[in-house]
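Heads up: the structure comes next, in structure tokens.
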Amino acid sequence: MATGGYVGKILRVDLTARETSVIETEKYTEWGGGHGIGSALFWDLCKDKTVSGRDPGNILTFMTSPLSGTMAPSASGRVEVQGIGTAGYPVNWFTRSNFGGRFGGQLKYAGWDGIALEGKADVPVWLDIINGKVEFRDAADLWGKDTQETQKLIWELKENEEHGWTEIGKTRDSGRTTQKPAIITIGPAGENQSSLGCLVHDAGNAAGQGGFGAVFGSKNLKAISVVGTGSIPVADPAGLLNARIWAKEEYAAAPGQRVEPNGPTFGVDPAPVFLYAKNPDGPMGPQACQGCINGCRARFDTGIANESSCQETSMYKAFDTLAHGEGTDASYIATDLVQKMGVNSYELMQGIGYLYALSKMGVLGKGLEIDTDLDMSRVGEADFAIDLITKISNREDIGEDLADGFVRAAEKWGRLEQDYAIGILDFPYWGYANHGYDPRAETEWGYSSIMGDRDMNEHGFNANFWSVIKHMMAGLEMPVSAEEYAKITTAKMVPYDDDPNMVDYSTENIYSESFAKLVVWQRHYTRFWKQSALYCDFRYPDFTNYNREDNVGITGDGEPKFWNAITGQDITFLDGIELGRRIWTLDNAIWILQGRHRDMVQFASYIYDIPLENSLVGPYYPMAGKVDGQYAYINVLGRSIDRDGFEEWKTHFYNLEGWDPASGWPTRETLESLNLAFVADALTEAEKLGGE
Amino acid sequence: MVDKDINSIEEIVPAEEKSTISRRQFITGMGGIGVGIVLGGTLFKGFLLPDEVIAIPASGGYLLVDSKKCQGCNTCMMACSLTHHGVENLSLSRIQIVQDPFACFPDDKMITQCRQCADPKCVSACPTGAMHVDKETGVRTVDTAKCIGCQECVNACELNLSGAGWNFEEKHAQKCDLCLDTPFMDADGGPGGQQACVAVCPTGAISFTTEIPVQTDAGYEVNLRDEGWAALGYPIDDEGKVSPAAAAAASGY
């Protein structure tokens with residue numbers, strides 16, 4: 001039943017049988033939306049959770065939230081994708097990614113809260129969703145096309161694509177729209193089942209991490225297109241409008257104006273986030289995901305690398321600069337190409353660095369031990385990027401070795417231990433590329449990633465690093481002292497808000513129970529509010545907000561205000577975090593069934609053995625930390641993670657979760673307290689229940 | 001609302017005033033005097049006579065948009081359907097943003113909003129008076145009780161994306177009423193009140209004015225970009241052709 005933000009149905013797609021069926025969303029609303037519902041669906045539908053990502057038995061879910069397609073600020077446009085991945089080492093964990101844009105809104109306007117895919121089509125197909133009508137269509141003409149060509153071809157297939165009202169049914173009352181169908185598709189990398197393959201939507205939205213492109217490819221699914229004309233019910237429409245205006249007036253940047261710099265938070269201005277060595281110098285206009293309070297991207301007069309921002313714009317920066325002494329068009333070309341070919345730019349960036357190091361060591365190159373046709377003397381040039389991305393996408397030459405990622409390639413080459421030992425293979429957690437916020441310095445990023453399944457990619461605490469860096473670079477004074485930052489931030493971290501030491505990044509504190517509370521809070525907060533309610537990572541949490549006199553951000557007040565206006569529920573911020581705890585625990589149970597044990601939870605060896613000397617921006621890595629009992633912005637470079645210290649920290653973490661610290665497995669008591677007795681039963685059967 | 005509205009042009013203009021304005025005058029010159037002109041009844045007959053030219057009030061306000069400042073988030077569209085209908089539905093929005101993610105700026109976005117035309121073809125085309133001019137505010141809007149669903153108004157609109165639309169859920173025509181009739185908005189709407197799309201737009205790409213804008217084929221497409229916008233790296237010249245670096249340098253930030 002459609003009510004309070006939910007449109008009532010989840011589309012279940014059996015690609016093998018080419019059949020669809022309907023799951024009532026109501027059955028899963030106790031999980032909130034997004035990730036919570038996705039995990040619960042996976043638990044129910046994936047009978048053997050130990051299958052590989054490319055197995056037809058793998059279940060891939062696309063979930064929206066009650067907020068999707070509504071005007072909840074920066075929470076309308078994201079879609080959570082889950083299933084067993086094809087990336088990662090040593091296990092392809094059950095994992096997640098999400099992407100922005102407008103797919104989630106269109107899916108809900110079409111009447112669907114989500115999609116669960118299973119099986120494998122006999123030949124390539126694409127899924128055409130027009131409101132309640134779902135069709136399997138032949139993808140022979142799309143197979144081999146890049147993500148941009150694919151979307152354009154699908155749009156061309158639709159009637160009356162000139163900018164007019166498009167009637168999408170046979171009668172005038174069957175609905176009309178001006179909007180192009182929203183499409184999520186793979187490029188050649190996904191078709192060829194490379195674990196570097198992404199799912200791409202419009203020009204610059206991608207679910208990159210986890211290797212879901214290869215899952216699409218393995219299922220012979222090229223794309224899903226959706227367009228809808230239906231309505232999303234809202235419990236309190238006037239309340240939602242008032243809340244949006246409140247957020248804009250109280251917390252957001254003044255419309256179209258520059259504001260005090262900050263990291264990715266609610267109050268930043270709508271300027272695109274570029275990390276190119278040389279930013280595009282042609283005219284551009286702003287571009288945002290559906291419902292964003294302030295977008296982070298642009299479209300250009302050239303159309304090249306439209307909608308690309310942040311990491312994908314830094315992907316080729318170092319190599320371009322190395323070759324030319326400055327940024328050139330090679331960076332834009334490389335960025336544009338990863339979007340078109342559907343290749344994971346995180347993995348590629350660190351991977352090129354690895355290949356470059358191997359070539360400098362005389363190991364990799366034409367006729368060398370690792371033999372490749374790649375011309376390594378061209379690293380940094382556009383032609384090298386094109387050649388490498390093409391080889392990866394087509395699984396040719398070195399692309400075949402890299403089809404399961406760089407870490408597995410290193411293992412195949414017999415180099416894994418030695419290249420980890422010297423730190424040239426910068427993939428610190430579960431075989432995922434270092435995001436750039438290194439575990440040795442920004443410890444919460446590393447801890448959250450290794451306690452989970454992938455590079456976590458959550459900027460809540462990282463925002464303060466960027467805030468300090470931007471102020472340093474501009475020669476400006478920070479609007480808040482480290483003491484004020486810590487006070488504002490920890491006050492929002494319910495239920496641990498009585499512990500002011502949680503954001504102390506000093507070496508003395510990073511193995512403490514306080515620091516474990518930070519990571520536990522982050523796991524629970526993000527699992528519900530960011531990955532289930534689908535508030536965007538680039539705007540939430542909003543701890544410090546410099547548009548306000550008190551510098552206190554919207555987090556804590558904002559998240560439940562929009563949720564309640566739309567759903568008609570009356571939940572608190574803490575209620576959401578506690579639901580996050582439940583979802584996080586369910587995820588862990590799935591990993592345990594896949595083989596997770598405390599002993600496996602280890603960083604790559606260089607994280608323990610080689611101190612970190614540089615951040616992304618040089619010899620500074622400012623974070624809040626205590627010096628002689630007082631908070632200051634301290635430089636957290638120059639250290640590595642202590643093995644024993646990390647083990648102590650893990651024990652704190654498992655104890656806070658109520659899991660057995662010996663194994664890292666949840667106890668029955670904890671599971672039952674979370675209303676997860678069915679999980680306890682499954683773990684008992686697998687002989688993997690934590691001891692009391 | 002119906003009793004105060006203008007459903008027939010004959011109701012509002014005394015016959016003795018009708019013959020004083022030529023066709024050329026109403027097309028080209030009426031903006032400044034705050035009165036719009038329409039040919040009463042003659043469109044149905046298919047020919048024009050000077051003595052059938054009739055004045056109707058200009059709208060009390062107009063929406064201006066700057067598609068070069070629009071970030072394409074569609075929040076205005078969601079606000080529109082939410083305040084008028086209590087639901088989120090882009091298809092029910094009376095303002096429409098059409099985008100091509102692969103196109104080159106500034107041709108990647110188009111905004112269509114009702115112009116509250118001085119010469120509202122939608123009003124002329126309506127056979128029942130459902131599409132009418134609100135007596136108090138001059139806003140061109142729909143009395144849904146009178147709408148018979150012929151969609152003549154939708155077809156009559158000369159915008160390339162009709163400002164009048166068909167509400168296929170509630171089965172009646174609809175168009176931008178400057179939030180005059182917004183059952184799901186606490187604040188008063190209409191000219192002098194709040195327009196939901198203006199209130200929520202994150203970048204300030206929509207603005208409200210009581211002055212009749214200059215009408216071109218592009219509609220009320222104006223430049224709402226200032227020095228603050230240039231400081232963000234975006235062009236502020238009318239055409240959107242000046243590089244952000246040059247624009248930022250020129251801004252003095």
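Meeting the requirement of 1 or more residues that are at pLDDT 95 or above, within 14 Å of chain B (Cβ to nearest Cβ) and farther than 28 Å from residue A:543 by Cβ, the helices (runs of 4 or more DSSP H) wholly within the range A:268-357 are A:329-341. Taking the range A:500-520 as the range and being surrounded by fewer than 24 Cβ atoms within 10 Å (Cβ to Cβ), without any contact (Cβ under 8 Å) to a residue 40 or more places away in the chain and touching a Lys or Arg at 6+ places or on another chain (Cβ under 9 Å) as the test, only A:500 passes. Checked against the criteria, residue A:119 counts as modelled with pLDDT of 95 or more, at positive phi, outside the structural domain of residue A:391 (by TED's automatic domain parsing) and touching a Ser or Thr at 6+ places or on another chain (Cβ under 6 Å). Just one of the listed residues (A:80, A:135, A:118) is more than 12 Å from every other protein chain (Cβ to nearest Cβ) and buried (at least 24 other Cβ atoms within 10 Å of the Cβ), namely A:80. The conditions of being within 30 Å of residue A:557 (Cβ to Cβ), among the aliphatic types (A, V, I, L, M) and in the same structural domain as residue A:483 (by TED's automatic domain parsing) are met by residue A:574.
Residues in the range B:151-171 that are within 11 Å of chain A (Cβ to nearest Cβ), more than 17 Å from residue B:112 (Cα to Cα) and not aromatic (Phe, Trp, Tyr): B:151, B:169, B:170, B:171. Residue count for the range A:338-355 satisfying the condition of being small (Gly, Ala, Ser) and within 16 Å of the chain's Cα centre (by Cα): 2. Within the range B:90-148, if we keep just the residues that are farther than 29 Å from residue A:230 by Cβ and among the charged types (D, E, K, R), the residue that is farthest from the other protein chains (Cβ to nearest Cβ) turns out to be B:135. Of the helices (runs of 4 or more DSSP H) contained entirely in the range B:71-174, those carrying at least 2 residues that are touching a residue at least 40 places away in the same chain (Cβ under 8 Å) and among the hydrophobic types (A, V, I, L, M, F, W, C) fall at B:75-85, B:121-125.
Here is a yes/no grid of residues against (1) within 14 Å of residue A:443 (Cβ to Cβ); (2) part of a helix (DSSP H, G or I); (3) at pLDDT below 95:
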residue	(1), (2), (3)
A:631	no, no, no
A:634	yes, no, no
A:637	yes, no, no
A:641	yes, no, no
A:647	no, yes, no
A:655	no, yes, no
A:670	no, yes, no
A:675	no, no, no
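Residues that are under 18 Å from residue A:211 (Cβ atoms) number at least 2 in the following helices (runs of 4 or more DSSP H) confined to the range A:396-471: A:398-401, A:406-412.
Restricting attention to the range B:227-253, the residues that are more than 7 Å from every other protein chain (Cβ to nearest Cβ), modelled with pLDDT of 90 or more and surrounded by fewer than 22 Cβ atoms within 10 Å (Cβ to Cβ) total 4. Take residue B:189 and tell me if it is surrounded by 16 or more Cβ atoms within 10 Å (Cβ to Cβ) and either over 19 Å from residue B:137 (Cα atoms) or modelled with pLDDT under 90 (or both). So residue B:189 does not fit the description; no.
Taking the condition of being part of a helix (DSSP H, G or I) and either surrounded by fewer than 19 Cβ atoms within 10 Å (Cβ to Cβ) or at pLDDT below 95 (or both), how many residues in the range A:360-386 meet it?
6
Residue A:607 - would you say it is under 24 Å from residue A:419 (Cβ atoms), in a helix (DSSP H, G or I) and touching a strand residue (DSSP E or B) at 6+ places or on another chain (Cβ under 9 Å)? Spelling it out, residue A:607 is indeed under 24 Å from residue A:419 (Cβ atoms), in a helix (DSSP H, G or I) and touching a strand residue (DSSP E or B) at 6+ places or on another chain (Cβ under 9 Å). Any residue at all in the range A:581-598 that is crowded, with 19+ Cβ neighbours inside 10 Å and in a loop (DSSP other than H, G, I, E, B)? Yes, the range A:581-598 contains at least one residue that is crowded, with 19+ Cβ neighbours inside 10 Å and in a loop (DSSP other than H, G, I, E, B). Of the numbered criteria (1) in contact (Cβ under 8 Å) with a residue 40 or more places away in the chain; (2) away from chain A (no Cβ under 13 Å), the one residue B:197 fails is (2).
Residues are listed down the side, and each one gets a yes or a no for (1) in contact with a strand residue (DSSP E or B) (Cβ under 9 Å, 6 or more places away or on another chain); (2) among the small types (Gly, Ala, Ser); (3) not in a strand (DSSP E or B):
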site: A:189; (1), (2), (3): yes, yes, yes
site: A:195; (1), (2), (3): no, yes, yes
site: A:200; (1), (2), (3): yes, no, no
site: A:203; (1), (2), (3): yes, yes, yes
site: A:206; (1), (2), (3): yes, yes, no
site: A:229; (1), (2), (3): yes, no, yes
site: A:244; (1), (2), (3): no, no, yes
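Among the criteria (1) more than 14 Å from every other protein chain (Cβ to nearest Cβ); (2) at pLDDT 95 or above, the one residue A:151 does not fulfil is (1).
Please go through the range A:236-267 and pick out each residue that is acidic (Asp, Glu) and within 11 Å of chain B (Cβ to nearest Cβ). Scanning the range A:236-267 gives A:236, A:249.
The values are calculated or read from the model by the stated rules, or taken from the named source; none is laboratory data. As the structure is a prediction and not an experimental result, all values here were calculated from the model. Please note: Cβ atoms are built from the backbone with ideal geometry, for glycine as well, and neighbour counts cover all protein chains shown.
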